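Notes for the one structure printed next.
The values are calculated or read from the model by the stated rules, or taken from the named source; none is laboratory data. Worth saying up front: this structure is predicted, and the values here are computed from it rather than measured. Don't worry about glycine lacking a Cβ; one is built from the backbone with ideal geometry, like all the others, and counts go over all protein chains shown. Just the protein is used for accessible areas: all its heavy atoms, side chains included, with ligands, DNA and RNA removed. Shrake-Rupley method; radii C 1.70, N 1.55, O 1.52, S 1.80 Å.
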Amino acid sequence: MTKATGTASTTAAATTASATDPAAATSAVGHRRTGARTRRALSAVGSLWLLAALLVAWEIVARLSPSVFFPPFSVVLGQFGQDWFAARPQTLFASDRFLESVPVSLSRLARGWLLAAVLGVAIGVVLGRSRVARHLYSPVIRFWMSVPNAALLPIALQFFGITEAMNIFLITFGSMWLIAVNTADGVAGVDPSWLRAARSMRLPRPVLYLRVILPAAAPHILAGLRISLGFGLILMIVAELYATTAGLGHDVALYQQTFRYREMWSAFLLIALIGIALNAAVDLLERRLLRWQRRTGLASL
Amino acid sequence: MDITVDGLAKRYGEHLALEPVSIKIGQGEFVTIVGPSGCGKSTLLMMMAGLLAPSEGVVRLDDTPVDGPPQGVSVVFQDYGRSLFPWLTVRRNLAMAAVAQKLPRPVLEARIERVLASVGLAGQGAKHPWQLSGGMQQRVAIARALVAEPRVLLMDEPFAAVDAQTRADLEDLVLRLRDEYGVTIALVTHDIDESVYLADRVLVLAAGPGRLIRDIAVDLPTPRGQLTTKRLPRFADLRAEVFSLVMRPELQEVR
Amino acid sequence: MSGRLVAPAASARRAAGHPLVPDGVARPVRGLRTAVGAAWARHRATIAPVLLGIVGTGTVIAGWAMITATGLVSERSLPSPTAVATSLPLVLADPDLHAGLADTLLTWLGALALASAVAIVLGVLIGTVPWLARPAMVAVNALRSIPSTALIPLAILLFGLGPAMKGAVAVYAVAPIVLINTIYGVAGTEPMRIDAARSMHWPWWRRWAWLVLPSATPAIVTGIRVASGIALVVVVSAELLGGRSGAGLILVQYQQALRIDMAYACITVIGVVGMALYGLLTLAERRTIARIHLV
């Protein structure tokens with residue numbers, strides 16, 4: 001269950017785009033850095049037009065055939081400003097509603113996902129280093145990876161009741177197996193030459209793991225973390241829709257049940273922006289940590 | 001540090017990769033190991049480095065038997081791209097080699113700067129390996145081996161992946177470093193010129209099964225020079241001798 | 001250190017002249033004993049993982065049994081493995097679960113097929129237009145950044161509580177993944193091959209059918225495999241949140257009837273089905289990619 005190809009695809013698209021860009025070839029060597037930056041900014045703006053066109057199309061269609069379920073984009077945008085923002089510099093312009101919902105949801109996601117990352121990487125390293133452990137536990141792990149994790153919701157509810165722990169358990173348990181499997185793949189696939197070099201240098205265990213094995217497996221681990229973040233978000237929302245008293249999913253359910261469809265859409269917009277921000281953050285982390293991989297041409301498609 | 005190789009052999013299941021070999025390498029000696037593909041020369045070196053368990057026999061450093069990578073021995077691998085750690089800077093790559101010695105920070109840093117200077121990479125410490133050319137990366141690999149201040153340097157076809165010009169530079173670098181650091185060196189190569197040019201002694205291996213067929217003392221004057229040494233008639237003789245052994249071992253053996 | 005004074009065997013000479021065999025690599029030696037040894041090794045390589053897997057699963061179940069035996073966790077939250085095992089036949093015989101599973105799987109399959117078909121057609125069209133590929137990626141990534149489950153309330157408004165609601169959310173979850181993979185696969189067609197096809201004066205439809213689609217297939221199939229897991233999660237989520245039918249609903253009913261042992265058994269069944277589907281899709285993916293690479 002890997003969206004690694006999804007990750008690779010965006011990188012690949014970026015490289016092909018710059019390769020076919022005639023401006024790239026003619027840019028002067030001295031200005032390469034700034035030139036590349038401007039070019040990247042320009043191409044980012046240049047690739048936004050289709051999204052803008054789709055939003056305009058939404059506006060037109062919604063105005064031509066009015067429906068309570070589908071307010072026009074401009075109306076949603078207005079509602080968005082009204083719902084989530086306030087003219088208060090001391091709370092960074094966030095409205096009360098924003099402060100009631102967003103931190104709750106994000107802290108659930110953060111705690112659940114970070115716990116999943118720690119557990120998943122730890123389990124994955126053990127499995128990746130030991131073939132016996134891999135054989136012993138891969139059926140169990142594959143089982144947990146294949147259970148549609150939302151199905152655990154009724155049981156988590158039975159176990160924890162309507163508590164924070166229930167939310168966090170669902171997010172953690174739903175995303176850790178994927179991280180574990182990806183980490184195990186990465187660790188088992190570390191180039192033996194690096195391990196041999198490390199052995200010849202008689203590196204102590206902690207250094208071997210922290211400085212050699214984990215960085216070498218980082219491409220796989222980060223791919224797992226990225227996909228699991230998407231799963232975490234899905235599960236966070238399900239848990240909030242199903243049984244909670246606060247959070248973004250709870251808000252969406254509330255607006256739907258009280259026929260406040262504009263507010264529902266404005267919540268969708270906020271959730272989408274949060275999703276985009278989280279993705280961008282993981283992207284940035286990946287770029288930073290895997291700079292060596294792209295530069296050495298070891299990044300495989 | 002003396003290296004004693006005593007009846008060292010390696011088999012994989014039924015297959016004999018290296019017949020029992022016995023060698024003695026004295027302190028400060030530069031020995032090259034040359035032979036065709038499949039003669040077990042890298043296998044021999046990896047067993048000397050304690051990275052591969054022998055099927056028979058033993059390697060001794062002075063009088064201590066080797067079981068696992070010993071202290072005081074550094075290895076330079078063939079493929080610098082896959083033995084340097086690309087996620088670390090040059091300086092950190094070098095520091096890794098001395099982690100096991102637990103040096104105080106200033107001592108370690110001074111040592112790293114000194115080694116970088118002696119391989120001609122002064123001021124490149126903050127770069128990553130992939131920002132350097134192939135030849136420079138192999139210099140980093142050699143520097144990394146020297147940071148541990150080894151008494152024995154084992155090199156596994158260290159120049160196989162670089163171009164001829166760079167190769168000549170690196171050969172002279174290794175000769176200079178041998179004098180500067182006083183290390184014992186065993187270097188595996190498939191290049192016959194290189195084996196003669198660098199060595200005090202050339203060990204010639206044959207393949208199928210891998211075995212040692214000749215131990216040639218190189219009586220060329222020192223210091224060596226790419227032009228002066230390779231122009232000598234004696235160099236040509238030795239080169240021819242090694243060449244005929246490597247290319248046609250069966251003819252030589254029945255002599 | 002002199003060489004041996006005998007002529008080496010002919011086989012040795014052959015091997016010496018073999019430039020492709022690197023140092024220290026074991027070469028296969030033919031012989032009866034090694035053939036038997038190899039057969040045994042092959043045998044062991046397939047049997048050992050299975051045995052170990054059974055042992056590993058056993059230890060996990062034993063650990064579970066120990067936790068329930070100590071009474072650390074209430075029977076009402078975590079029933080013992082024996083309780084779940086005894087209710088497993090009960091659950092397996094439950095006609096409601098059969099209907100529910102069938103409903104879930106049909107919705108899943110329908111959504112997957114529909115979303116894939118639409119996404120592949122769209123993706124091929126977009127992927128062949130170079131200036132459209134990147135803006136399309138950006139737009140798709142932006143539009144899908146709402147977690148699919150958040151849209152379940154909207155889907156309930158639009159489609160009611162029937163299978164169409166579940167299917168719609170699953171399509172929303174699946175289509176972007178397949179679309180992005182298709183665009184990427186199509187855009188990644190080796191340009192030299194396209195030039196070659198042009199030089200052979202292939203009409204556009206042949207270029208697509210013989211060249212572009214085959215080279216995009218691995219990416220497309222991988223996309224479908226990844227999307228299938230997400231689709232199942234989404235369908236079950238929709239059933240939990242208000243679907244009128246499906247395995248998720250049955251699960252909720254067991255839980256509400258306080259038959260938690262049956263809920264666990266039900267999850268086991270759903271998990272095994274999910275594992276089987278995932279295994280099948282992985283197999284299909286591997287087969288397809290292998291076949292494409294042969295061409």
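Enclosing the Cα atoms of the protein assembly as shown in their convex hull gives a volume equal to 231 cubic angstrom per residue. Using a probe of 1.4 Å on the protein chains alone, the accessible area found for B:K10 is around 30 Å².
For a modelled paramagnetic label at B:D191, 7 Å from Cα along Cα-to-Cβ, the residues of segment B:210-239 in reach, with backbone nitrogen under 13 Å, are B:226.
The solvent-accessible area of A:F93, taken with every protein chain present and a 1.4 Å probe, is close to 110 Å².
Distance distribution note for segment A:174-301: the fraction of Cα pairs above 22 angstrom is 52%. Shape verdict for segment A:76-157, please, from the Cα gyration tensor: rounded (a/c under 1.5), prolate (a/b greater than b/c) or oblate. The shape class here is prolate.
Pairing chains B and A buries close to 2200 square angstrom of accessible surface in total, based on protein heavy atoms and a 1.4 angstrom probe. Computed over segment A:108-205, the percent of Cα pairs more than 24 Å apart is 34.
For chain C, hydrophobic long helices are taken as DSSP H runs at least 27 Å long by C-alpha position along their axis with mean Kyte-Doolittle hydropathy of 1.0 or more; these are C:95-127, C:163-187, C:213-242, C:260-294. Taking every lysine pair in the protein assembly as shown that is 8 or more places apart or spans two chains, those with Cα atoms closer than 25 Å amount to 6. Measuring max minus min along each principal axis, the C-alpha atoms of segment A:159-248 give extents of 57, 21, 19 Å (largest first). Mean sequence separation of contacting Cα pairs (under 8 Å, at least six apart), scaled by the length of chain B, corresponds to a relative contact order of 26 percent. The C and A chains share an interface that buries close to 5600 Å² of accessible area, total over both sides, probe 1.4 Å.
Taking a ≥ b ≥ c as the square roots of the eigenvalues of the Cα gyration tensor, chain A is oblate, since a/c reaches 1.5 or more and a/b is not larger than b/c. The fraction of all Cα pairs in segment B:18-81 landing in successive 10 Å bins from 0 to the largest distance is 18, 55, 26, 1, given as whole percents. Remark: mean inter-chain Cβ contacts per residue of B:37-47 equal 4, using a 10 Å Cβ-Cβ cutoff to other protein chain atoms. Once the 1.4 Å probe is applied to the protein heavy atoms, the protein assembly as shown comes out at 46 Å² accessible per residue. When Rg and the Kirkwood Rh are both derived from Cα coordinates, the Rg/Rh ratio for chain B amounts to 0.97.
Per-residue ellipticity at 222 nm computed for chain B from its helices equals -11000 deg cm²/dmol, with DSSP H segments shorter than 4 residues left out and the rest contributing -39,500 (n - 2.57). For chain B, the longest principal axis of the alpha carbon atoms and the long axis of helix B:105-118 meet at an angle near 60°. Highest GNM mean-square fluctuation, chain C, Cα pairs closer than 10 Å: which of C:V252, C:V235, C:V73? Its mean-square fluctuation being the largest, the pick is C:V73. Projecting each Cα onto the charge dipole of the protein assembly as shown (Lys/Arg +1, Asp/Glu -1 at the beta carbon, about the Cα centre), which of C:C266, B:S118, C:G56 comes out farthest on the positive side? Farthest towards the positive pole: B:S118. Once all protein chains are placed together, A:W265 keeps about 30 Å² accessible to a 1.4 angstrom probe.
Each Lys or Arg adds one and each Asp or Glu subtracts one; over the other residues with Cβ under 14 Å from the Cβ of C:H201, this totals +2. For segment A:77-300, relative contact order (Cα pairs under 8 Å, six or more residues apart, normalised by length) works out to 25 percent.
Figure note: B:R224, A:R97, A:R111, A:R196 ranked by solvent-accessible area, largest first, 1.4 Å probe, ligands and nucleic acids not counted: A:R111, A:R196, A:R97, B:R224.
For A:S95, the shell of other residues with beta-carbons less than 11 Å away shows a net charge of -1, using +1 for Lys and Arg and -1 for Asp and Glu. Altogether, the Stokes-Einstein calculation at 20 °C and 1.002 mPa s, with the Kirkwood radius of segment A:50-107 over Cα pairs as Rh, returns a diffusion coefficient of 162 µm²/s.
Segment B:47-77 and segment A:222-272 have their alpha-carbon centroids 60 Å apart.
What whole number of Å gives the distance from the Cα centroid of segment A:51-69 to the Cα centroid of segment A:78-126? Spelled out, the Cα-based centre of one part sits 29 Å from the other. Comparing each chain alone with all protein chains together (probe 1.4 Å, DNA, RNA and ligands left out), the residues of segment B:65-86 losing at least 30 Å² of accessible area are B:P69, B:Q71, B:F77, B:R82, B:F85, B:P86.
Among the residues of C:56-63, the average count of other protein chain beta-carbon atoms within 10 Å of the residue beta-carbon is 3. Within the listed set A:I221, A:I171, A:I271, the residue fluctuating most in the Gaussian network model of chain A (springs between alpha-carbon atoms under 10 angstrom) is A:I271. What a 1.4 Å probe finds exposed on chain A is 67% carbon and sulfur by accessible area, rounded to a whole percent. The radius of gyration of the Cα set in segment C:171-277, together with its Dmax, comes out at 21.4, 71 angstrom.
Take each residue in C:232-239, count the other chain C-beta atoms within 10 Å of its C-beta, and the mean is 6. Note on chain C: Rg/Rh from C-alpha atoms, Kirkwood Rh, equals 1.15.
The accessible-area loss of segment A:153-174 on complex formation, taken against its chain alone with a 1.4 Å probe, reaches 40 Å² or more at A:P154, A:I155, A:Q158, A:F159. Solvent-accessible area lost on pairing B with C (1.4 Å probe, both sides summed) amounts to about 1800 Å². Near B:I25: Cβ cut-off under 15 Å, other residues only, Lys/Arg at +1 and Asp/Glu at -1. The net charge is -1. Hydrophobic long helices, here whole DSSP H runs in chain A with Kyte-Doolittle means of at least -1.0 and Cα atoms spread over 15 Å or more along the helix axis, are found at A:4-19, A:32-46, A:49-64, A:73-84, A:96-129, A:131-146, A:164-188, A:214-242, A:261-289. Extent of segment B:79-149 along its three principal axes (Cα atoms, max minus min coordinate, largest first): 31, 21, 18 Å. With the helix formula -39500 (n - 2.57) applied to DSSP H stretches of n ≥ 4, chain C reaches a computed 222 nm mean residue ellipticity of -26000 deg cm²/dmol.
The percentage of C-alpha pairs in segment A:194-244 whose separation is greater than 19 Å is 52%.
On chain B, 51 percent of the accessible area sits on carbon and sulfur atoms, based on a 1.4 Å probe.
For A:S193 and A:L64, a Förster radius of 60 Å and the Cβ-Cβ distance give a FRET efficiency of 0.40, rounded to the nearest 0.05.
Dividing the mean sequence gap of close Cα pairs (under 8 Å, 6+ apart) by how many residues chain C holds gives a relative contact order of 23 percent.
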